[in-house]
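Q: Supplied in structure tokens, the structure appears directly below.
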Amino acid sequence: MQRPLAASLLTALTLALAACSGAAAPAPKDTRAPTAPTGVTATAGSAGTVHVMWSAATDDRAVTGYAVYREGRKVKDLPATTLMTDVVGLTPETRHRFTVRARDAAGNVSPPSATVTATTLPATAEDHTPPTTPTALRVTADGSRAATLRWSPARDDTRVTAYDVYQADTRIHTVPGTATTAHLTGLRPGTAYAFTVRARDAAENSSPDSTPADLTTAPSPGAPPNTAPQDLTATATKGEITLTWTPPRTGAPVTQHELHLNGRFATTIVWGTAPPPGRATYTFPVQDPPGTRYTVTLRARLPDGTWGDFSAPRTVVVR
């Protein structure tokens, strides 16, 4: 016996809707919180400032941010890429307690980290004299993702209260003024870095940068060797910046380099004839006011037409 046409159409429509409903099943809700941040430290840098640092938390999907708490009250919200912050406006000679929590995109919040304490420094008379520059900075690789910095101490008319480590003119680490070493983690394999150190006193005066210490981390297993230009220097004169560097060894002459300023493409350096042997030099004009800071990096065009790795950065100040 034949089924009525309307009943057949209704059955087909029901099956189609059921199939679509199964294909569009919603993703399971994220209810798992990130792990608590570890390695939390707190260092008093002045009478009113404490520097808090921590190691990254983990999550089954992704950590999207961190919150810093003082005495149990939230004082900072930060993105997932930030693993340190300064808590300011504190009372001199006061002991403070800090914890850090991680959060994910679903709003799940981790348990608090272990509590760390720091006591702000005594208030001092007006001080405008910065410490001397740290000297003899050197860096040693600890595998492909970490490094240890060592330096000779700076001097100050009162005392050095902290040392700040910079990479590409960005502070990435702080240690107490009694330390002369810093352990850096979270580096990328096969990457060129340049680190500098500044000394700081209780009045937040900072010394000039130390001489840079360069490090190229080991590549990941099976990855090609680093192709960054080496030994880059940047010198400012009135209205100009001059760069010198050693092009990478690629098995063929390097005829082009790409110049980046503050992380952005600026220009392509092309030799009109055969590239110079040995070290290369390039001078370009600048119109920014004196005191403007640039972070300079270079990379070379390789024989296969691709761009190589970036050089270790150099910071230069316009005169």
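All of the numbers you see were taken from the coordinates with simple rules; none came from a lab. Given the structure is predicted, the values throughout are model-derived calculations rather than measurements. Reconstructed Cβ throughout: ideal geometry from the backbone, glycine too, with neighbour counts over all protein chains shown.
Q: Within straight cross-link reach of Lys76, meaning Cα distance under 17 Å, which aspartates and glutamates are found once same-chain residues fewer than 8 apart are removed?
A: Asp86, Asp104
Q: Compute the long axis of helix 5-23 from its Cα atoms, compare it with the longest principal axis of the Cα atoms of the chain, and write down the angle in degrees, 0 to 90, nearest 10.
A: 20
Q: Quick one: length gained pulling Asp231 to Thr246 fully straight, 0.36 nm per residue minus the C-alpha distance?
A: 4.8 nm
Q: Using the Cα centre as the reference, give the magnitude of the dipole from point charges on the C-beta atoms of the range 135-216 (Lys, Arg: +1; Asp, Glu: -1; all else neutral), rounded to the nearest 20 debye.
A: Rounded to the nearest 20 debye, it is 260 debye.
Q: Modelled label-to-label distance, Thr129 and Ser55, 7 Å Cα→beta-carbon offset: nm?
A: 4.1
Q: Between Ala114 and Ala136, take the C-beta separation as r, use R0 = 45 Å, and let me know the FRET efficiency to the nearest 0.05.
A: 0.85
Q: Oh, and also: With a 10 Å cut-off between alpha carbons and a GNM built on the chain, which of Arg159, Arg101, Arg32 moves the most?
A: Looking only at Arg159, Arg101, Arg32, the largest GNM fluctuation is found for Arg32.
Q: Can I ask one more? Can you work out the Karplus-derived ³J(HN,Hα) for every residue in the range 193-207? Use 6.51 cos²θ - 1.76 cosθ + 1.60 with θ = phi - 60°, whole Hz, and x for glycine or proline.
A: Once rounded to whole Hz, the list reads 10, 9, 10, 10, 10, 10, 8, 9, 10, 5, 8, 6, 6, 10, 6.
Q: Below 8 Å between Cα atoms, with a sequence gap of 6+, how large is the relative contact order for the range 38-119 in percent?
A: Once divided by the residue count of the range 38-119, the mean separation gives 35 percent.
Q: Still on this structure: Can you give me the relative contact order of the chain as a percent, contacts being Cα pairs under 8 Å and 6 or more apart?
A: That works out to 13 percent.
Q: Let me ask something else. Per residue of the range 123-129, in order, report the coupling 6.51 cos²θ - 1.76 cosθ + 1.60 (Karplus, θ = phi - 60°) as ³J(HN,Hα) in whole Hz, putting x for Gly and Pro.
A: So the Karplus estimates, Gly and Pro as x, are 5, 10, 5, 3, 9, 10, 9 Hz.
Q: Could I ask something else about it? Taking the Cβ of Thr180 as the centre, find all other residues whose Cβ is under 12 Å away and add up their charges (Lys, Arg: +1; Asp, Glu: -1).
A: +2
Q: (1) 1.10; (2) 1.15; (3) 1.50: which one is Rg/Rh (Cα atoms, Kirkwood Rh) as calculated from this entry?
A: Here the calculated entry is (2).
Q: Please build a GNM for the chain, connecting alpha carbons under 10 Å apart, and tell me which residue among Ser113, Ser46, Ser220 fluctuates the most.
A: Largest GNM mean-square fluctuation: Ser220.
Q: Pairs of Cα atoms under 8 Å, at least six residues apart: use those to get the relative contact order of the range 135-216, whole percent.
A: It comes to 33 percent, rounded to a whole number.
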